[in-house]
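The values are calculated or read from the model by the stated rules, or taken from the named source; none is laboratory data. All figures in this text were calculated on a predicted structure; none of them were measured in a lab. Ideal geometry is used to build each Cβ from the backbone, glycine not excepted, and the neighbour counts take in all protein chains shown.
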Amino acid sequence: MTALALPTREWLRPKPSALPGFGLTLGFALSYLALIVLIPLAVLVWRASGLGLSGLWTVATTPRVRAALETSFYLSFAAALVNAFFGLVIAWILTRYRFPGRTVLDAMVDLPFALPTAVAGIALAAIYASNGWVGSIVEAVTGLKIAFTPRGIFVALVFIGLPFVVRTVQPVLMDLDREVEEASATLGASRLQTVLRVILPALVPAVLTGFALAFARAVGEYGSVIFIAGNMPFISEIAPLLIIVQLEEFNYTGATAIATVMLSISFLSLLAINLIQSWSRRRFGDV
Amino acid sequence: MTGIAVRGVAKDFAGTRALDGIDLDIRPGELLALLGPSGSGKTTLLRSIAGLEPLTAGTIHFGGEDATGLRVQDRKAGFVFQHYALFRHMTVAENIAYGLTVRPRAERPARHEILRRVEDLLDLVQLPGIGKRFPGQLSGGQRQRVALARALAVEPRVLLLDEPFGALDAQVRKDLRRWLRDIHQRTGHTTVFVTHDQEEAVELADRVAILNRGRVEQVGSPDEVLDHPANAFVAGFVGQAVRLDVTVAEGRVRADAIELGAAPAGIPDGAASLFLRTGDIAVVRSGGTTSGVVTAITRSAASRRLEIRLSDDLPAVEAEVSLDQQVARGERVALTIRADRLFPATR
């Protein structure tokens with residue numbers, strides 16, 4: 001799992017071990033991460049720094065940028081929440097029951113990973129549009145349009161984030177000791193009490209990991225969203241699209257400024273989730 | 001105190017028969033061991049009593065009440081698992097209190113009452129003051145004590161333990177055996193425990209039920225099963241005996257043309273199985289019914305154990321001699337053999 005390792009005091013002087021390789025692997029990991037992650041991101045920040053902090057703030061608080069950032073982060077958060085819940089349910093069904101078509105269902109979970117996101121966006125837009133299969137029914141029943149509104153963005157973000165929760169929870173659920181549930185039953189607990197008080201707490205760290213991954217993916221998603229969003233400034237425009245718009249206008253500084261703001265918010269959110277996660281790991285097990 | 005009556009219990013797992021018509025009476029307040037090799041059905045029987053396995057056939061009564069159709073939750077059978085099955089995300093105190101806190105509000109004891117009960121149970125299992133720790137911070141022996149306290153907290157009608165010491169090392173095992181005996185004497189619960197270790201069974205239990213291939217071979221006190229095994233299987237399984245294929249003719253027992261001794265009355269002539277324990281073979285100065293060559297000598301605290309070959313084709317047998325008796329490896333020694341545990345060969 002992708003827990004962010006928190007530095008402890010001991011890391012500076014690792015204890016001598018029968019399994020050497022700390023120096024070598026740490027060196028490799030750092031140079032690799034620098035090449036792939038840190039240097040590109042540093043260049044981004046460096047380009048944006050031409051504006052200075054106040055300049056960044058001005059860009060970030062432009063009404064249109066602010067609206068896009070809010071759309072992106074709020075909808076990503078909501079989509080990740082929904083994925084956390086339904087991903088858990090799907091993982092539960094896939095691990096706990098044997099039924100015809102289970103392996104097919106299991107394979108289908110990964111489709112959002114495999115499909116080019118633009119294809120997904122076009123397909124979603126087609127069925128969720130006012131004249132699409134699902135869209136027309138929803139509109140007839142509730143009067144709400146889905147495609148080409150923020151609701152459409154939400155649908156796309158749920159779609160692309162689904163596999164993360166399923167795939168992080170599934171192995172943990174599979175390894176969960178059946179005896180613990182049986183112990184709960186012999187002590188008089190109902191099935192619901194067993195699920196709520198014994199099984200779910202054991203899954204909390206995995207669900208949080210899946211949530212964080214789904215959230216991070218949703219924030220950065222571009223391809224599927226732009227086809228279904230309608231992309232109306234102030235209403236259904238996501239931050240990554242705004243960056244592209246800036247780039248197309250050769251406003252590199254503006255684009256990097258928005259990107260830097262997104263990066264900071266993302267990093268802080270992920271850091272927060274990781275802190276909760278390491279707390280819950282201590283609290284809920286992984287003993 | 002509640003006795004358990006098991007009648008005609010059968011259990012099939014996907015076509016294979018795990019329990020094949022078990023009849024067993026567990027007396028109120030007794031400590032009974034279910035002993036058998038792996039695959040004998042002992043754990044399945046224990047789980048059936050707890051309600052964790054639905055039966056294919058048969059009934060189970062708890063003290064006169066038919067419990068066959070009762071759900072696990074309603075049987076009030078305390079169960080202790082081999083690998084503890086503690087809730088890792090709860091403290092020790094929360095683990096022990098769990099069975100009380102899941103009760104419906106009307107039946108749930110008051111908070112301070114629960115806390116007091118947890119303290120009492122921690123004292124009973126000799127782990128006072130560890131209530132705030134998590135299971136991950138405890139040793140295996142401590143975890144199993146907590147698991148027992150958790151099972152006792154709900155005041156179960158019967159206590160069922162599935163290889164409770166199976167995952168622990170030898171010394172802890174020994175301590176916990178004595179400790180479980182004490183707890184049983186103090187609380188008086190009808191207790192059934194599963195083990196594959198015959199030493200553990202005879203040391204701990206009031207009575208031992210020996211299972212083999214889904215059937216009960218014998219039920220009796222440790223003395224009964226050790227001294228009067230009901231059949232060849234029991235004789236071979238308890239008492240660390242060496243099995244020799246022998247023939248009985250005219251009241252004498254022979255193995256591989258070696259005369260071993262007199263056969264007990266009532267054994268028909270023909271092929272038979274003889275089970276020899278260390279106590280059945282005495283090394284004597286002279287005379288003896290037969291002789292053998294000492295192939296190995298091992299030392300224990302109070303005696304010496306000899307591995308003796310009667311002939312090249314027979315399996316080695318073991319004898320115990322006192323420390324002052326001088327024996328060298330390779331020496332031929334005179335033996336008297338008591339051929340008590342002799343069963344006609346089954347075909």
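Annotations for the structure displayed:
- Test set (1) charged (D, E, K, R); (2) away from chain A (no Cβ under 14 Å); (3) touching a helix residue (DSSP H, G or I) at 6+ places or on another chain (Cβ under 6 Å) - B:Asp227 fails condition number: (3)
- Residue in region B:298-320 that is touching a residue at least 24 places away in the same chain (Cβ under 8 Å), in contact with a Lys or Arg (Cβ under 7 Å, 6 or more places away or on another chain) and in a loop (DSSP other than H, G, I, E, B) present: yes
- Subset of region B:15-61 [part of a strand (DSSP E or B) and either among the β-branched types (Val, Ile, Thr) or within 14 Å of chain A (Cβ to nearest Cβ) (or both)]: B:Thr16, B:Ile22, B:Ile26, B:Thr59, B:Ile60
- Looking only at region A:145-184, residues that are crowded, with 24+ Cβ neighbours inside 10 Å, in contact (Cβ under 8 Å) with a residue 24 or more places away in the chain and hydroxyl-bearing (Ser, Thr, Tyr) come to 1 in all.
- Of all residues in region B:176-194, none are surrounded by fewer than 24 Cβ atoms within 10 Å (Cβ to Cβ), in contact (Cβ under 8 Å) with a residue 24 or more places away in the chain, in a strand (DSSP E or B) and within 14 Å of chain A (Cβ to nearest Cβ).
- In region B:62-72, residue nearest to the other protein chains (Cβ to nearest Cβ) [restricted to those that are in a loop (DSSP other than H, G, I, E, B) and within 21 Å of A:Leu187 (Cα to Cα)]: B:Arg71
- Failed item in (1) touching a Phe, Trp or Tyr at 6+ places or on another chain (Cβ under 8 Å); (2) at pLDDT 90 or above; (3) away from chain B (no Cβ under 14 Å), with A:Val180 passing the rest: (3)
Yes or no, residue by residue, for (1) away from chain A (no Cβ under 14 Å); (2) loosely packed, with under 14 Cβ neighbours inside 10 Å; (3) over 22 Å from B:Leu161 (Cα atoms):
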site	(1), (2), (3)
B:Asp74	no, yes, no
B:Gly78	no, no, no
B:Gln82	no, no, no
B:Phe87	no, no, no
B:Ala97	no, no, no
B:Val118	no, no, no
B:Asp123	yes, yes, no
B:Pro128	yes, yes, yes
B:Gly131	yes, no, yes
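- Residue that is surrounded by the most Cβ atoms within 10 Å (Cβ to Cβ), among those in region B:102-116 that are touching a helix residue (DSSP H, G or I) at 6+ places or on another chain (Cβ under 7 Å) and either facing another protein chain (nearest Cβ under 9 Å) or in a loop (DSSP other than H, G, I, E, B) (or both): B:Val102
- Scope region B:321-333; condition touching a Lys or Arg at 6+ places or on another chain (Cβ under 7 Å) and not β-branched (Val, Ile, Thr); matching residues: B:Leu323
- Counted residues, region A:34-69 - those being β-branched (Val, Ile, Thr), loosely packed, with under 12 Cβ neighbours inside 10 Å and within 16 Å of A:Gln246 (Cα to Cα): 1
So that you can scan it fast, the table gives a plain yes or no per residue for (1) farther than 23 Å from B:Ala230 by Cα; (2) surrounded by fewer than 15 Cβ atoms within 10 Å (Cβ to Cβ):
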site	(1), (2)
B:Ala263	no, no
B:Val283	yes, no
B:Arg304	yes, no
B:Ser311	yes, yes
B:Thr336	yes, no
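- Residue satisfying all of: in region A:228-265; farther than 22 Å from A:Gly152 by Cβ and among the small types (Gly, Ala, Ser); nearest to the chain's Cα centre (by Cα) among these: A:Ser264
- Near pairs, Cβ below 7 angstrom, 6+ apart or cross-chain, from region B:143-160 (within 8 Å of another protein chain (Cβ to nearest Cβ)) to any residue that is of a type in the set (D, E, K, R) and surrounded by 22 or more Cβ atoms within 10 Å (Cβ to Cβ): none
- Any hit, region B:163-174, residues being touching a residue at least 60 places away in the same chain (Cβ under 8 Å), under 27 Å from B:Thr2 (Cβ atoms) and not in a loop (DSSP other than H, G, I, E, B): no
- Residue satisfying condition, being modelled with pLDDT under 90 and either outside any helix (DSSP H, G or I) or touching a strand residue (DSSP E or B) at 6+ places or on another chain (Cβ under 6 Å) (or both), within set A:Pro40, A:Pro20: A:Pro20
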